[in-house]
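Okay, so here's the structure we're looking at.
The values are calculated or read from the model by the stated rules, or taken from the named source; none is laboratory data. Everything quoted here is computed from the prediction, not taken from an experiment. Reconstructed Cβ throughout: ideal geometry from the backbone, glycine too, with neighbour counts over all protein chains shown.
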Amino acid sequence: MDIVIGLAIGVPVGFLAALGLAIARAGSLGKAFEGLALAGKANQDAAFAAKLQAVLAGAELKQIEPPKPVKPSGAPLRMLALLQAESRLVDFLLEDIRGASDEQIGQAVREVHKKAQAALKQHLVLEPILPGNEDEQVSVPKGFDPSAIRVVGNVTGEPPFKGAIQHPGWRVKELKLATPAEGADEFVLQPAEVQIA
């Protein structure tokens with residue numbers, strides 16, 4: 001009698017637990033029944049079973065192989081690497097100059113400035129975005145490019161805007177940089193140097 005009562009309680013509870021597990025795994029009762037229907041069709045149709053197996057195998061492969069992260073381009077850093085190579089600009093900017101005298105800093109700045117300016121002039125053709133000098137009046141037309149002209153101050157209404165040039169801006173007209181060697185890490189601004197004795 002205890003076995004009958006155990007079966008009478010165990011079978012429905014087991015069925016409900018299995019159904020609950022199937023629903024939880026499928027996401028909903030409807031999806032659980034869709035899965036059962038697909039399994040039933042696959043048991044009756046060998047061609048369908050083969051296609052279903054191929055889809056499932058592809059899904060498993062996609063889950064196993066996470067997408068490779070895209071490495072950002074180091075191309076914008078090539079000019080900074082060039083300024084480091086030609087004028088040691090990065091070294092100068094990262095050096096602690098708190099203990100240096102104004103005369104020492106002035107000498108260092110003069111040397112870095114001369115070499116960095118030469119590197120810029122050799123590898124870039126720059127042109128001003130706005131014609132004119134600082135403090136000259138200019139009109140900013142309707143439809144201006146906000147990446148090229150930044151309007152600051154008391155900006156109200158719609159363009160055209162009239163104001164004084166704070167900075168004429170710079171645009172690179174031509175960039176003359178060599179492409180890096182095959183396989184070179186463009187994120188290296190300057191390689192480490194080791195003196196071998």
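The residues in the stretch 112-171 that are over 28 Å from the mean Cα position of the chain (by Cα) and either part of a loop (DSSP other than H, G, I, E, B) or touching a residue at least 40 places away in the same chain (Cβ under 8 Å) (or both) can be counted, and the count is 26.
The number of residues in the stretch 78-103 that are over 12 Å from Leu189 (Cα atoms) and either part of a loop (DSSP other than H, G, I, E, B) or of a type in the set (Gly, Ala, Ser) (or both) comes to 8. Pairs meeting the criteria (first residue in the stretch 78-94 and among the aromatic types (Phe, Trp, Tyr), second residue in a helix (DSSP H, G or I), beta carbons under 6 Å, at least 6 apart or on different chains) are Phe92/Val112. Taken across the stretch 52-60, residues that are part of a helix (DSSP H, G or I), modelled with pLDDT under 80 and touching a Leu at 6+ places or on another chain (Cβ under 7 Å) do occur, with at least one present.
Filtered by the rule that a residue be exposed (fewer than 10 other Cβ atoms within 10 Å of the Cβ) and in a loop (DSSP other than H, G, I, E, B), the stretch 172-184 gives Lys176, Ala178, Thr179, Ala181, Glu182, Gly183. Determine if the stretch 118-129 includes at least one residue that is modelled with pLDDT of 90 or more and touching a Gly at 6+ places or on another chain (Cβ under 9 Å). Yes: one or more hits.
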